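Step one of this worksheet: look at the structure below.
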Amino acid sequence: MRRSKQAVVGVSSRVSTLHQRLYDALNLGHFVRWGDDKRQKWHCTDIETQKLVLRAIDAFLDCVSSESLSQQPLVKESVDDIVGALGSILELKSESLLKMASDVAAKMVKLLPSSVLQAHVPHLVHHLLSLLSNRQLHVSISCATALNCILSNLSTKREQEVGEILKEGNTVFVLVMNVKDFSVGDKPTEYFQEMALLLSRILWRWPPSRFCVWSDSKFLDVLEIHKLNPESSLKAALLQLYSSLALCGNGAKKLLENRKSLLNLMVESMSSPDTHSVQMDGFRLAQCLMINEGPCQEVVKMCGEHVVKAIVTGMNSSCLSSGKLPKDQMSLAVEACRLALITRWVGNHHSYFWKAGVGRALLGLLLTDFWRIHQSLHGVPLQEQLLILQEALNESSLPSLRPYIWDILGGLVANSAEDFAPVVHEDILELKALIACACLAFTESINMARQISQSKITNTIGSESASRAVLMMVYSPCKYIASQARSILSEVLNLDGKNYIEYLVNSLNATSCRNKVLRPGNFQVVISLISLACYASLPRYGKMVIDHQGMQSLLIFVKCWLSNPVYIKRSNLAPHLHNSYSERVCCHPCVEDWEGKDMQLLFSLWALAGLVHKFASHAGFLKVKLEFDESQIVRDLEEICINHSTPGPRWYAAYILSHFGIYGFPNKCGKRIWKAFLDNELADLELILSDQSSLCVNEVILSVRCPNLLPVQGPKLKEKSSTGPFLEQQMETHRGSKVEVRLSAHVDHQALVKLLQYVYMGYLQAGEDVLKNLKILAKHCDLQPLLHMLHRRNPRYGAPIPTFDLTSALGPVGHCSSDVLLEPNTIQLPNWRCSFCSAPNPHFHVHKVILFSSCDYLRALFQSGMQESNSETIKVPVSWNSLIKLVSWLYSDELLKPSFDCLWDNLAVDQRLNELQLYVELCWLAEFWLLEDLHEQCFRVVLSGLETDRYLSVKLIQLSANFAQWKLAEIAATYAAPLYHQLRNSGDLDQLEESFIEMVRAASVQLSKEDINH
């Protein structure tokens, strides 16, 4: 017999009485041990007894709730028995009791703390799931409500276990069917609401479950119908469900396809102040849809101005007049600010923000009672304005919003147009006030970094964001903003700016020092680097930095970083960037942020670039060139340009190289193609200058990289033409000879050589003497990236790296100059026909000059004098799909790779293996054709595929052996090693030759030894 636990300290007599009645009812049944963990399970088949137990549990829970006793030991010790009884009753599924039992379960998970219930969650979930499709709608709704509550409070520790239970119960499918079956009038709205909310919570926590939902077009059509329902509760459930689907990159793409009504619902919800929860869910859906730059631009294209207007309205409704914001307004302000972080990406939306009055909104969040402060700034000198704003910043009661405000402002100024300038006096005053506030916060961030080094402070909230905002301002492409920011920053630094320099340089020196005890933390290093970059924009302070050996310190820091890189995510220094959505995304394309994890490298190069640009003729710079090996500096910078994937550091490395006479971006593909210019054996054009000197070039390269050097009609035509100041005439002699293109007297020979160097390589090296003519030529050829570098303009934050990509030559642009066909070993493909020659056999029209430059094997073939060297067709011993990837790589140095996302995960095993086979095949060909870079890239793709599914390893061992890729076969065996006994018992290893089975067995033995040693 179970006894009531009499832990009555602090418990009323009523609670004790109900507790006793509960155990009296439970004792009418009996407890048995069950499950692997030997939990107590209450058992009784009598309906009346079950009913009595349910009433006793219900009364006890009501009493516990009313007296706030949920944490009492008496309650905690009773939970095992209550859950055991409830689970037993739910499992029996007695129709007459299910309604009461499900209601009691919902009440229990709602009233008792999640910490008390966590140990019982798997068993509760298991019992409740089985009733989601019960014919009694009330039962289904109550169970869904209970599960919603459980999943909302689920601990990370239980997530995997509960996920397995949901998977075994096919829960997502059940919920999708329940939502599909819902129709207004037939079932209560609460049914749809709870089912949709439960589905959204599952999708949010378990990313693999999203694919089968967003790929179900009929399900999405059903949701489309329910968008028209005006009920706020149903709208909130819909918005949450869409948000969970949009966390998948492929899901977001699907939602944005021909579903403008979804964006209308989102904007309408964001602009609806009547229902706070719906408004919040509207903002969250927008965040999920715009979580990456690509989808963000799609949304901006469709409804950008409306989204921005809703953001600014949300900010304005939360502006401080006095005191603290109410909780609802504060949460709305946070969501609006989070969404406003889309300012960090390029696009048309920045002008919408300025137009909507974002400056006023930001100041309203930044300063308490800004309208009063605004009036006091009129007609006041800058120094006095700074004092007023500093005092207002000190009094502000919303410091948690400041990191968002600085990041929003930084994004706006970094992406403003060059000619942007506010016209209205009020707008000018607001912009200047924002700049001044950021500059004041900037100096405070330096102070904080100094105090951290002295162990006096630990709260750095917003400091990195404020420093970053000022950096974006002083280097803004907008001349007005940059000028104002530099002027105000100089004024702010007048007090202590000089004293800061010594600290900033010393902190860098300590970072480069080998003594780890002296090294400052990542926060201090980043603040020091950003600060030095800001100082470098001001002539007076930049000179001070050089005088304090700042340039030497930066060079040493860069060198130390390259030899021992420190990778830091910005979110590690800016906690406001963490949110529940960003941590749950999946399948979004892995596009490298402008700074990526190379923050320290980027800002050190940025600071160095600022100093070099401003003081290239300064004695301090000349001294640096003497102290350091200039050729080594150049090699290090070229290494960053070629081998770093992050755009920001590459831009600034290239920018600094321009001060050493190197313009553009060194790259592997360009270095290969340059061979074609040096060896004019395959040249088909001759550029003839006015002095009768000439240069032999290749039409296909010019047609892609510099078409303005070619006549409009194209050199293969016989007509004479005049197409501008550089072309006098063009003529063609007999077939097989070079086409002559005569250039005007405006073209300088030396400048043309340098321009062609850029066209063929992606960069050039030139002295100051040729720059003037080179700029003129580059301008007329409309080579904007080169012009940018020649004029040594500051890199624009977020700008993409100019690509060296010749793949457009495979289309109409390069067809007239193609001179060879590449054919795979595939004889025919269904419905395939060449768009150029209409031939039915699959092939590529390619260019010998590119094959010659990119592949040593093919170069040797063309120069061999054998019959194949003059053949118009080259047979490539790979499949058509492999050939597609090969040609793409030859023309761009980029390998087309599969996306290892939910689309990949939901392919059949044979489909995945067929995809990986293409890369194994290319590994073999790359060895045969001496393409080391291609082999390495293909090898990595195969390993990435193995990472997603170890069960592919057995088939991949045989496949690799078929192509003589023994190293790949050995690695596949190591992936199969943990599964060796399972594979052997199932017979899956029988398909392999004995030597390969032994390879897997040996790898398994080695793995066991390593486990024992560890």
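I need the per residue convex hull volume for the stretch 892-1014, using only the alpha carbons, in cubic angstrom as a whole number.
Hull volume over Cα atoms, normalised by residue count, gives 123 Å³.
So what's the angle, to the nearest 10 degrees on a 0 to 90 scale, between helix 327-340 and the longest Cα principal axis of the chain?
Approximately 30 degrees, to the nearest 10.
Counting only C-alpha contacts under 8 Å and six or more residues apart, can you give the relative contact order of the chain as a whole percent?
5 percent
How much of the accessible area of the stretch 314-494, probe 1.4 Å, is carbon plus sulfur, in whole percent?
51 percent
Per residue of the stretch 154-164, what does 6.51 cos²θ - 1.76 cosθ + 1.60 with θ = phi - 60° give for ³J(HN,Hα)? Whole Hz please, x for Gly and Pro, Karplus curve as stated.
Working through the residues one at a time gives 5, 7, 4, 4, 8, 4, 5, 5, 5, x, 5 Hz.
Show me the three semi-axes of the equivalent ellipsoid for the chain, from the C-alpha gyration tensor (sqrt of 5 times each eigenvalue), largest first, rounded to whole Å. Present the calculation step by step, with values, prior to reporting the outcome.
Details: eigenvalues 676, 357, 156 Å².
The three semi-axes for the chain are 58, 42, 28 Å.
Applying 1/(1 + (r/R0)^6) with R0 = 35 Å to the Cβ-Cβ distance of Lys569 and Ser183, what FRET efficiency is obtained, to the nearest 0.05?
Calculated transfer efficiency: 0.15.
Using only protein heavy atoms and a 1.4 Å probe, report how much of Glu872 is accessible, in Å² to the nearest 10.
Around 140 Å² of this residue is reachable by solvent.
Need the list of lysines near Lys671 for cross-linking: C-alpha distance under 26 angstrom, and skip anything on the same chain fewer than eight residues off.
Partners found: Lys559, Lys738, Lys754, Lys772, Lys775, Lys779, Lys848, Lys885, Lys897.
In cubic angstrom, how much convex hull volume per residue do the alpha carbon atoms of the stretch 145-302 span?
Enclosed volume per residue, from the Cα hull, is 112 Å³.
Leaving out ligands and nucleic acids, note down the accessible area per residue over the stretch 806-894 with a 1.4 angstrom probe, in whole Å².
Spelled out: the 1.4 Å probe surface of the stretch 806-894, per residue, equals 46 Å².
Is the shape of the stretch 314-494 rounded, prolate or oblate, going by the alpha carbon gyration tensor and its root eigenvalues a ≥ b ≥ c, with a/c under 1.5 for rounded and a/b larger than b/c for prolate?
Rounded is the answer for the stretch 314-494, as its axis ratio a/c remains below 1.5.
Carbon and sulfur together cover what percent of the accessible area of the stretch 897-1013 at a 1.4 Å probe radius?
C and S atoms contribute 49 percent here.
What distance in nm separates the two pseudo spin-label positions at His43 and Leu111, each 7 Å out from Cα along the beta-carbon direction?
Output for this residue pair reads 2.9 nm.
What angle, in degrees between 0 and 90 and rounded to the nearest 10, separates the Cα long axis of helix 189-205 from the longest principal axis of the Cα atoms of the chain?
Result, in degrees: 50.
Provide Rg over Rh for the stretch 794-903; use the alpha carbon set for both Rg and the Kirkwood Rh (inverse mean inverse pair distance).
Here Rg/Rh amounts to 1.04.
Grab the DSSP H runs of the chain that are 4 residues or longer, score each as -39,500 (n - 2.57), total them, divide by all residues and round the 222 nm result to the nearest 500 deg cm²/dmol.
After summing the helix terms and dividing by the residues of the chain, the value is -19500 deg cm²/dmol.
Using the alpha carbons of the stretch 11-135, what is the convex hull volume per residue in cubic angstrom, as a whole number?
98 Å³
Using the alpha-carbon atoms, what tilt in degrees (0 to 90, nearest 10) does helix 95-111 show relative to the longest principal axis of the chain?
Taking the Cα atoms of the chain, the angle to 95-111 is about 60 degrees.
Using +1 on the beta carbon of Lys and Arg, -1 on that of Asp and Glu, and nothing else charged, what's the dipole of the chain about the Cα centre, debye to 20?
So the dipole magnitude of the chain works out to roughly 1740 debye.
Suppose R0 equals 25 Å; then what is the FRET efficiency for Gln784 and Ala745 from their Cβ-Cβ distance, rounded to the nearest 0.05?
Computed FRET efficiency for Gln784 and Ala745: 0.50.
If you rank Thr156, Thr189 by how much accessible surface each has, with a 1.4 Å probe, what is the order from largest down?
Largest to smallest exposure gives the sequence Thr156, Thr189.
The values are calculated or read from the model by the stated rules, or taken from the named source; none is laboratory data. Keep in mind that what you see is a predicted model, and the values were worked out from it rather than measured. A quick note on method: Cβ atoms are made from the backbone with ideal geometry, for glycine too, and the neighbour counts reach across all protein chains shown. These accessible areas exclude ligands, DNA and RNA; they are computed on the full protein's heavy atoms, side chains included. Shrake-Rupley method; radii C 1.70, N 1.55, O 1.52, S 1.80 Å.
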